[in-house]
1. Of 86, 79, 68, which residue is touching a helix residue (DSSP H, G or I) at 6+ places or on another chain (Cβ under 6 Å) and farther than 17 Å from residue 153 by Cα?
2. Hey, residue 47 hits all of (1) modelled with pLDDT of 95 or more; (2) farther than 22 Å from residue 149 by Cβ but one; which does it fall short on?
3. Which numbered condition in (1) exposed (fewer than 13 other Cβ atoms within 10 Å of the Cβ); (2) aliphatic (A, V, I, L, M); (3) modelled with pLDDT of 90 or more is the only one that residue 139 fails?
4. Name the residue, out of 19, 61, 38, that is of a type in the set (Val, Ile, Thr) and either in contact with a Leu (Cβ under 9 Å, 6 or more places away or on another chain) or closer than 15 Å to residue 85 by Cβ (or both).
5. Sort out for me the strands (runs of 3 or more DSSP E) sitting completely within the range 6-114 that have 1 or more residues that are open to solvent by 80 Å² or more (accessible area, probe 1.4 Å) and among the charged types (D, E, K, R).
Amino acid sequence: MVGVGAGGSKSALARATLVNSFGNVVYDEYVRPMERIVDYRTHISGIRPKHMNKAKDFSIVQKDIAELITGRVLVGHALHHDLKVLLLGHPKKDIRDTSEYEVFRREGKRRSLKDLAAQELCVKIQQQEHCPIEDARAAMFIYKKHKKGWEKNKKEQFRFKNKQKKRGNKKSAEANEKDPNVPIVLL
């Protein structure tokens, strides 16, 4: 992300990276934000003015990524930020976010990817400028390490929500049957 808008306080996408389940890069492009860059945030982002010389238009990158993630499980850290700046949505059931997974929380609070990578993978990341390839790989490998339990947990959540929906629908139907103000139509 780079800073755009007044004082560079608004974040805009400047590089997008996707890796597969093996950590191999499947997409890595610099992105030309729609607004003028005010702060490159180089000390964190690693983005420099020279990178914008070969940057793709936002709309092209957005379209490419939308096509690549459609119908797939999306793994990452704080994915809501990434999806927000890409102006994309993704089915909640297909998101595996290392910042949201309860097992990784400390006293109910989200932890940084840097902290999780150190604990879960025994690797140091984000020592200086952030590398999106390194970050994507870290999130993927953390997910893979916990995949079995994570997917079991996801399945149980899905079952519980379906059970609650059925129970709610059944109660609504029963309530409507007994309510004299609910019309009954006979055909």
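The values are calculated or read from the model by the stated rules, or taken from the named source; none is laboratory data. Small disclaimer: the values here were computed from a predicted structure and weren't measured. Because the Cβ atoms are built from the backbone with ideal geometry, glycine has one as well, and the counts that use them run over all protein chains shown. Surface accessibility is based on the protein's heavy atoms, side chains included, excluding ligands, DNA and RNA. Shrake-Rupley method; radii C 1.70, N 1.55, O 1.52, S 1.80 Å.
1. The match here is 86.
2. With respect to (1) modelled with pLDDT of 95 or more; (2) farther than 22 Å from residue 149 by Cβ, residue 47 is out only on (1).
3. The failed condition is (1).
4. Numbers: 19 fails: either in contact with a Leu (Cβ under 9 Å, 6 or more places away or on another chain) or closer than 15 Å to residue 85 by Cβ (or both); 38 fails: either in contact with a Leu (Cβ under 9 Å, 6 or more places away or on another chain) or closer than 15 Å to residue 85 by Cβ (or both).
Going through 19, 61, 38 in turn, the sole match is 61.
5. Result: 10-12, 25-32.
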